[in-house]
Structure formats: C-alpha cells, structure tokens
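So the structure is just underneath, and the comments pick up after that.
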Amino acid sequence: MNQKTIREISDAWRENKRPYVKQSTLAAYMLILENHILPKFGESNELHENDVQGFVLEKLEGGLSMKSVKDILVVLKMVMKFGVKNEWMNYYEWDIKYPTDVAGKKLEVLSVANHKKILNYIQSHFSFPGLGIYISLSTGLRIGEICALKWSDINVYDGILTVNRTIERIYIIEGERKHTELVINTPKTKNSCREIPINKELLTMLKPLKKVINDDYYILTNDERPTEPRTYRNYYKRLMEKLDIPKLKYHGLRHSFATRCIEVGCDYKTVSVLLGHSNISTTLDLYVHPNMEQKKRCIAKVFKSLGK
C-alpha cells in the first residue's frame with residue numbers, strides 16, 4: 001500500500017469531485033477541510049474511532065451545532081473512502097456517540113404576536129427590503145432564495161411565486177490564493193425548485209407594484225443588481241431591533257412559517273413541498289413534535305373509529 005496523508009488524499013479527492021458537484025458545494029467542502037479536518041487530521045494517515053470521537057466532542061464543546069459536526073464527518077468519511085479506494089489508507093469503522101443534552105435543542109421561532117407585528121409593520125411602512133421579509137414569513141423562503149428572487153418570478157394573475165435560483169457568497173481556495181465570490185445558482189436540491197401560492201394580503205401588496213416595475217429586477221433592490229445574504233441579514237437584524245423583537249436568526253423566519261403551518265393543521269406532505277425539503281422526514285424531524293393533548297386526541301380518534 002502506498003500510504004498518503006489525509007491532506008494529500010483530500011487534495012486528490014477535491015480534484016476528482018470538481019467535475020461532478022456545484023461550485024458552491026465544492027466551496028463548502030473546502031471550507032470544512034480547511035477549518036476543521038486538516039488542522040486536526042491533515043498529517044495523519046489513519047482515522048481511528050477514538051480520535052474521531054474525541055474530535056466530535058471537541059467541536060461540540062467549542063460551540064458547533066450537532067448538524068455542523070455531522071456535516072464535517074460526512075466530508076471526512078468521503079475523503080477516507082476515496083483514500084481506501086485508491087489504496088492510500090485503511091478503512092476504519094466508526095460508531096460515534098453524541099451527548100444527549102446536545103440533541104434536544106429547541107427550534108427558535110417567532111411568537112404568533114411577533115409574527116403578526118412584523119407583517120403589520122411592513123404593510124404600513126413599505127420598502128423593498130421589508131417586502132422580502134414579508135415574503136419569507138409568508139412562504140418560508142431561504143435567505144439565498146429571497147435575495148435571488150426577481151419580479152419575473154411573481155405571477156399575480158395566478159397568485160404564484162416560483163423559486164428557481166439562489167444566491168450565495170462562496171469561499172474559493174486556489175492553492176495559496178483564497179477569495180470569496182458571489183454566485184447565483186439553482187437552489188439546494190431539485191425539490192427546492194418549487195411553486196408557492198401567494199396569500200391574499202401579500203397579493204394586495206404585489207399587484208400594484210407589478211404594473212410599474214421592471215420584471216428583470218431583483219425584488220429586494222428593485223434594481224438589476226441583487227443584494228447578498230450577508231448585507232440582507234444586517235438589514236433584518238436592524239429591523240428586528242427597531243421592532244424590539246427577541247434575537248432570531250433569519251432562518252428562524254422560515255422555521256416560523258413552517259411552525260404556523262403545522263399549528264393550523266396543514267398536512268405534513270404539503271408543508272414539506274412548500275418548504276422545498278428533499279424528503280418529508282426532514283420536515284417531520286424539524287417541526288412535528290406532538291404535545292400530550294395531540295397524543296390523547298389521536299388515541300381517542302382511533303378508539304372512536306372502532307366504535308368504542
């Protein structure tokens with residue numbers, strides 16, 4: 001066996017992967033390698049379970065979320081498999097344990113009162129960036145999707161909004177040279193390309209605008225140039241402070257929309273399709289946590305159907 005280090009294997013893996021994945025996906029992999037994997041494992045040629053387990057705990061204690069740590073392990077496993085396939089290293093089986101207290105992190109969402117407060121404020125203090133927040137709260141769009149939304153994606157006659165692109169700033173590593181680049185891409189997965197009905201209140205705001213705007217302009221800027229997620233996030237933070245609303249990540253608007261859908265009894269498959277999830281289990285894992293009342297009602301219904 002011609003042994004290589006994880007650093008050498010990951011270089012070869014990256015070049016092998018390049019033709020098959022989106023530029024933004026490759027950039028995300030590079031960032032994970034650069035920031036997490038190579039500093040720890042770069043010079044080794046073995047990946048023993050104990051070392052990987054220690055690395056996981058270290059990252060969680062350092063404040064990374066469970067999801068981020070699992071994403072890092074996915075990349076580490078891909079690099080290892082590539083190394084094994086080319087006979088540059090041995091394969092190691094891992095059974096990684098996660099501390100239970102990390103698992104039950106509660107999803108952060110707006111209260112119904114604050115959800116309404118934001119919608120009402122934007123309706124009475126119109127601005128194009130504000131409209132983006134209104135759309136996010138009414139459709140569950142991701143920040144990259146809202147930044148890439150154009151007026152041509154809005155059909156006021158049928159009342160439908162189409163999601164077919166996203167915008168993100170990606171990190172490019174070319175040897176020693178590192179820089180970032182703003183790219184407009186197709187959304188996360190094929191399910192993320194989707195059509196979402198526009199509610200009556202939002203339609204009332206959009207109809208008069210559609211008559212006078214340039215269809216090719218981006219909604220948030222009303223200009224041919226888009227705004228990028230980082231800039232828009234800052235605008236959102238300032239607006240939330242102004243409205244005295246507790247700190248919530250922009251992604252929390254998407255969670256809030258989904259939570260409201262579940263609260264009013266929408267079926268899970270529909271919510272999954274509206275959010276553009278690649279499978280319904282993502283929706284169920286994130287949003288469906290029945291309380292005791294719902295569990296009792298469910299069991300009562302079953303017995304009622306049995307004539308008991």
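Some points to look at:
- Degrees separating the helix 66-85 axis from the principal Cα axis of the chain, which is the longest one: 40
- Sum of side-chain charges, M89 neighbourhood, beta-carbon under 9 Å (Lys, Arg +1; Asp, Glu -1): -1
- Of the residues L26, F55, H36, the one whose Cα sits farthest toward the positive end of the charge dipole of the stretch 6-103, with +1 on the Cβ of Lys and Arg and -1 on the Cβ of Asp and Glu, is L26.
- Relative contact order (percent, whole number), the chain, Cα cutoff 8 Å, 6+ residue spacing: 18
- Over the stretch 6-103, the pair-distance histogram of Cα-Cα distances with 5 Å bins from zero comes to 2, 12, 25, 25, 19, 11, 5, 1, 0 percent, rounded to whole numbers.
- Paramagnetic label reach from S127 (point 7 Å along Cα→Cβ; backbone nitrogen cut-off under 14 Å): within the stretch 181-220, residues 220.
- Near D158: Cβ cut-off under 13 Å, other residues only, Lys/Arg at +1 and Asp/Glu at -1. The net charge is 0.
- Around the Cα centre of the chain, unit charges on the Cβ atoms of Lys, Arg, Asp and Glu (plus for the first two, minus for the last two) sum to a dipole of about 1300 debye.
- Alpha-carbon centroid distance for the pair the stretch 156-173 / the stretch 224-281, whole angstrom: 14
- Between the helical axis of 49-61 and the longest alpha-carbon principal axis of the chain there is an angle of about 40 degrees.
- Modelled this way, with points 7 Å down the Cα-to-C-beta line, the labels at Y92 and K70 are 2.2 nm from one another.
- Comparing S272, S24, S124 in a Gaussian network model of the chain, where Cα atoms under 10 Å apart are tied by springs, the biggest mean-square fluctuation is seen for S124.
- Over the stretch 6-103, Cα pairs under 8 Å with separation of 6+ residues give a relative contact order of 38 percent.
- Taking the charge dipole of the chain about its Cα centre, with +1 at Lys and Arg Cβ atoms and -1 at Asp and Glu Cβ atoms, the residue from S138, S68, I9 reaching farthest to the positive side is S138.
- Under a Gaussian network description of the chain, with springs only between Cα atoms under 10 Å, the residue in H179, H115, H36 that fluctuates furthest is H179.
- For semi-axes √(5λ) of the Cα gyration tensor in Å, the candidate list reads [x] 43, 21, 15; [y] 52, 35, 16; [z] 39, 28, 18; the entry that matches the value derived from this model is [z].
- Calculated FRET efficiency for the pair K116/Y268, C-beta based, R₀ 35 Å, to 0.05: 0.90
- In straight-distance terms, cross-link reach from K249 covers every one of the lysines whose alpha-carbon lies under 20 Å from its own, apart from those fewer than eight places away in the same chain; here that gives K67, K105, K106, K116, K117, K188, K237.
- Note, ³J(HN,Hα) from phi for the stretch 141-147, Karplus 6.51, -1.76, 1.60, rounded to Hz, x at Gly and Pro: 5, 6, 4, x, 6, 5, 5
- Principal-axis analysis of the Cα atoms of the chain puts helix 112-124 at an angle of about 60° to the longest axis.
Just so you know, all these numbers are worked out from the coordinates, no wet-lab data involved. Since we're looking at a predicted model, the values are computed, not measured. Because the Cβ atoms are built from the backbone with ideal geometry, glycine has one as well, and the counts that use them run over all protein chains shown.
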